[in-house]
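Undergrad: Before I ask anything, here is the structure I am working with.
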Amino acid sequence: MEAWAISFSLILARVGAFVAAQPLFGGRQVPRLVKVGLAAALATFWIGDLAPDANLDDIALPSNTHWFAYALAAVRESVIGAMLGYGLSILLLPVRTAGEFIGQEMGLSMASVADPMSDNSATLVGQLVESLGIAVFLGLNGHHAWIAALHGTFARWPIGGKFPKLPIAPLV
C-alpha cells in the first residue's frame, strides 16, 4: 500500500507541475481548485496503469521510506512535468508575439490594457489573436496531443527512475 501511495504522489507531482506550468490552465484566471482537480483526475487516471510497473526500489522499502530519495524523485517528476508545460507555453508564444506586432502596426499599441493572464499589459489585438490561437489549438485537438505527450513521458522516464541523461554530445 505504501508503494501505491508513493507512486500516486510522484505521478501527482509530475501532472501537477504540468498543469501549473501550461498557459491554458496555469494562469490566474483559472481557480486553484480547478487546477488541483484536473491534476488529481489525471493522476488518478494514470495510477492504475503505471503504479504496478513503477521502479521504486531506491525509494520505498517495506516500512522503511528513504525520504531524501523520495524528495529527489518528487523534484525530478516536477521538473519533467514543468518542462512539458513550459514547452506548451513556448508553442503558443509566437501567436501572442504576432498579435502584439499586429496591434503595433495598426497603431493600437497605445491602448494597452492590463492582461488578466499575466502581470504584463497587452494590446487588445494581442489578446484577441492569442485567444484565437488558443481556440485553434483546442479546435485541432492539440490538448489531446499534449496529454498524450505527458503520457509518453511516463513510458520514456518511468516514475521513480533515475534522472534522464541529456542527449548532448560531449565536447572533445
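Undergrad: Can you list residue pairs whose Cβ atoms sit under 7 Å apart, with the first residue in region 1-30 being within 30 Å of F137 (Cα to Cα) and the second being among the basic types (K, R) and open to solvent by 30 Å² or more (accessible area, probe 1.4 Å)? Count only pairs 6 or more apart in sequence or on different chains.
TA: Every condition considered, the pairs that remain are V19/K35; A20/K35; F25/K35.
Undergrad: Considering only residues that are assigned to a loop (DSSP other than H, G, I, E, B) and either modelled with pLDDT of 85 or more or under 16 Å from P23 (Cα atoms) (or both), which ones fall in region 107-132?
TA: D115, P116, M117, S118, D119, N120, listed by residue number.
Undergrad: Also, I was wondering about something else. Which residue, of A145, A135, A155, is open to solvent by 50 Å² or more (accessible area, probe 1.4 Å), more than 16 Å from the chain's Cα centre (by Cα) and modelled with pLDDT of 90 or more?
TA: Checking each option against the conditions leaves just A135.
Undergrad: Separate question: For region 1-35, which residues satisfy the criterion of being in a helix (DSSP H, G or I), over 18 Å from H151 (Cα atoms) and among the hydrophobic types (A, V, I, L, M, F, W, C)?
TA: A3, W4, A5, I6, L33, V34
Undergrad: Scan (1) closer than 15 Å to P158 by Cβ; (2) at pLDDT 80 or above; (3) more than 14 Å from the chain's Cα centre (by Cα) for the single condition Q104 breaks and write down its number.
TA: All conditions pass for Q104, except number (1).
Undergrad: For region 24-50, how many residues meet the condition of being modelled with pLDDT under 80 and open to solvent by 40 Å² or more (accessible area, probe 1.4 Å)?
TA: 5
Undergrad: When you check L84 against the structure, is it buried (at least 16 other Cβ atoms within 10 Å of the Cβ), of a type outside the set (S, T, Y) and at pLDDT 80 or above, yes or no?
TA: Against the criterion (buried (at least 16 other Cβ atoms within 10 Å of the Cβ), of a type outside the set (S, T, Y) and at pLDDT 80 or above), L84 qualifies.
The values are calculated or read from the model by the stated rules, or taken from the named source; none is laboratory data. All values reported here derive from a predicted model rather than from experimental measurement. Every residue, glycine as well, gets a Cβ built from its backbone with ideal geometry; the counts of neighbours run over all protein chains shown. Quick note on the areas: whole protein, heavy atoms, side chains included, nothing else; ligands and nucleic acids left out. Shrake-Rupley method; radii C 1.70, N 1.55, O 1.52, S 1.80 Å.
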